[in-house]
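Trainee: Structure below; questions to follow.
The values are calculated or read from the model by the stated rules, or taken from the named source; none is laboratory data. Note that the structure is predicted; figures quoted are calculated from it, not measured. Here Cβ is always computed from backbone atoms with ideal geometry, including for glycine, and neighbour counts include all displayed protein chains.
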Amino acid sequence: MAIVDSQGRLFGKVSILDVGAALVILLVVFGIFIFPGASGSAQGTRQAVEVDVVVRGLSATNPKDVVKAGNTTNILVRKQPSGTAKLKEIKFLPRTVAAPQPDGTLKVFPDPRPELALTTDMMLTLANEVPIVDGTPVLGGEKVKVGTTIELDGPTYNFASSVVAIRIKKS
């Protein structure tokens, strides 16, 4: 009696493909439960971090009523909830336009376009204590770096912003 017959069965009873599939399933189960890998949470040391984000073109009739310093906001990184942060400081940025002068110099004036009266640019400073992994703050399992787009979500607002500065406070 042959080990593998002409139809690909071991000892005439079990298909080689079935044995291969069973081995793959066993290896996957073994890999999941015996070697699960790193968990989703960051394992770095927790430190106080301040993150400056810029919000451009916020369309709100009165943005000072929408966001207030001292309030807490939810943070979403890549559309995933990534914790909360305190709004430490809010700076409203002026809308300006640069105008060249006849002598070759450049002067800055307030932007006269009426449609810009309904939009606001601002810089927010967010503060929280988060894990630091390899010198990079981690929010909700995602490393946050300069240039990362994050969403700020509160009871009356949700807007995208871009990280422009990160300060890790020494403890």
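Trainee: Being charged (D, E, K, R) and at pLDDT 90 or above is the requirement here; does ARG95 meet it?
Mentor: no
Trainee: Quick check, is ALA127 surrounded by 10 or more Cβ atoms within 10 Å (Cβ to Cβ) and of a type in the set (Gly, Ala, Ser)?
Mentor: For ALA127, the condition - surrounded by 10 or more Cβ atoms within 10 Å (Cβ to Cβ) and of a type in the set (Gly, Ala, Ser) - is met.
Trainee: Report yes if LEU116 is in the same structural domain as GLU50 (by TED's automatic domain parsing), surrounded by 12 or more Cβ atoms within 10 Å (Cβ to Cβ) and outside any strand (DSSP E or B), otherwise no.
Mentor: The answer is yes for LEU116.
Trainee: With respect to ALA69, determine if the residue is of a type in the set (A, V, I, L, M, F, W, C), in a loop (DSSP other than H, G, I, E, B), in contact (Cβ under 8 Å) with a residue 12 or more places away in the chain and closer than 30 Å to ILE168 by Cβ.
Mentor: yes
Trainee: Now for a different question. Given the conditions (1) closer than 16 Å to MET123 by Cβ; (2) in contact (Cβ under 8 Å) with a residue 24 or more places away in the chain; (3) more than 22 Å from the chain's Cα centre (by Cα), which single one is not true for THR96?
Mentor: If we test THR96 against (1) closer than 16 Å to MET123 by Cβ; (2) in contact (Cβ under 8 Å) with a residue 24 or more places away in the chain; (3) more than 22 Å from the chain's Cα centre (by Cα), just (2) comes out false.
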